[in-house]
Amino acid sequence: MTELVTSGHEAPSGWRVAVLGGGAWGTALALAMLRAGHFVRLYARDPETVAAIDRGENPRYLPGIALQPGIVATTDIAAALDGADCVLAVAPAQALRAMLAGAREHVPSGVPLVLCAKGIERDTGALLSAIVEQALPNNPVAALSGPSFATDVARGLPTAVVVAARDADLAADLAARFSAENLRCYSSDDLVGVEIGGALKNVFAIAAGAVTGARLGASAQAAMVTRGFVELRRIGAALGARPETLMGLSGLGDLLLTCSSAQSRNFAYGLALGQGKPLAGLPLAEGVPTAAIAARLAAERGIDAPIITAVAAILDGTVTIGQAVTALMTRPLKTETDI
């Protein structure tokens with residue numbers, strides 16, 4: 001059993017927050033929780049990551065950023081979850097089910113589990129909240145989402161996000177507890193809407209990166225993002241999301257951020273795709289598996305989603321970027337507001 005690695009500092013007052021995931025986002029959220037006055041335990045599978053956090057750094061995922069002392073890191077998931085008042089699940093969407101299977105017997109009953117990854121499960125088409133409800137039926141589920149890069153949060157730069165749960169009081173309580181200087185958390189009871197916005201924006205970020213990489217111009221990128229938002233609203237409405245949620249931080253806000261910067265792994269993946277560069281070895285882009293399942297869901301429900309469908313086809317090699325653009329530009333004309 002791996003011993004807990006501590007910084008030697010006294011634990012702050014507040015909740016005992018377990019962060020499951022030692023990557024860039026998990027480490028950034030651990031810092032955010034520390035700044036909000038909570039005692040933080042972080043679980044990472046990699047002993048080198050745990051040792052690095054003990055030294056006050058995470059050079060593999062957050063190079064050049066000094067970590068505030070106080071994070072307790074461990075490779076023992078049971079130790080990380082022991083006595084937790086809240087759990088932040090930061091595993092990638094496609095790995096969430098397996099991680100919960102390993103954590104299930106150690107998660108204290110009744111404590112909220114907050115989803116901090118974005119995506120749709122590839123094999124089942126399930127939203128991540130549904131996976132939690134299956135694996136941990138005695139734990140309320142919430143989601144944290146919005147326009148936020150891990151490096152910005154880790155550095156303590158001003159960031160606004162939304163915390164959603166079906167129970168509005170729980171969402172408000174979590175948002176209040178997570179908020180700190182330079183991290184403003186809004187609350188929402190539209191859990192589905194927040195999840196859909198966070199998942200689908202990754203697909204459109206790949207498209208935006210591909211448009212940029214293929215040198216199709218700023219006008220094409222603006223059109224793609226705008227029409228992509230229309231598709232997000234269509235799918236969101238079909239799944240029960242509220243329109244005002246998709247207009248907010250977890251929808252339009254996150255879409256604008258991830259479709260405009262190479263800091264986004266999904267945009268960077270699309271950029272390399274558009275430039276014809278090798279994709280092997282690039283950081284995980286959650287929009288890749290999400291594109292395929294989103295295209296399938298749209299087809300099954302009869303939802304017009306040409307950009308999502310085009311991204312999925314490009315990724316599986318069915319069409320080239322040029323062919324996809326031609327198909328999009330020659331679609332039958334209709335009114336812009338025909339949603």
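The values are calculated or read from the model by the stated rules, or taken from the named source; none is laboratory data. Computed from a predicted structure; not experimentally measured. Neighbour counts are summed over all protein chains in view; Cβ atoms, including those assigned to glycine, are modelled from backbone coordinates with ideal geometry. Note: areas computed on protein heavy atoms with side chains; ligands, DNA, RNA excluded. Shrake-Rupley method; radii C 1.70, N 1.55, O 1.52, S 1.80 Å.
Details
- Of all aspartates and glutamates in the structure, the ones whose alpha carbon falls short of 12 Å from that of Lys118, not counting any fewer than 8 places away in one chain, are Glu195, Asp254, Glu286.
- Partners for Lys334 among lysines (Cα-Cα distance below 27 Å; same-chain residues under 8 apart left out): Lys201
- In a DSSP loop and with at most 13 other Cβ atoms within 10 Å, the trypsin sites (Lys or Arg not before Pro) in region 200-229 are Arg215.
- Under the span-like rule (Cα at least 27 Å along the axis, Kyte-Doolittle mean at least -0.5), DSSP H helices of the chain: 191-213, 218-239
- Rh by Kirkwood over Cα pairs, then Stokes-Einstein D for the chain at 1.002 mPa s and 20 °C, µm²/s: 106 µm²/s
- A 1.4 Å probe over all protein chains sorts Arg177, Arg41 by accessible area into Arg177, Arg41, starting with the largest.
- Centre-to-centre separation between the Cα atoms of region 300-339 and those of region 201-258: 13 Å.
- Three-way shape call for region 179-240 based on the alpha-carbon gyration tensor, with the a/c threshold at 1.5: oblate
- In this Cβ point-charge picture (+1 for Lys and Arg, -1 for Asp and Glu), the chain has a dipole of about 920 debye about its Cα centre.
- Set of region 280-295 residues, backbone N closer than 15 Å to the point 7 Å along the Cα-Cβ line of Ala262: 282-283
- Each peptide in 261-267, 44-50 was scored by the mean count of other Cβ atoms within 10 Å over its residues; highest first, the order is 261-267, 44-50.
- Measuring nothing but how far apart in sequence close Cα pairs (under 8 Å, 6+ apart) lie, relative to its length, the chain scores a relative contact order of 14 percent.
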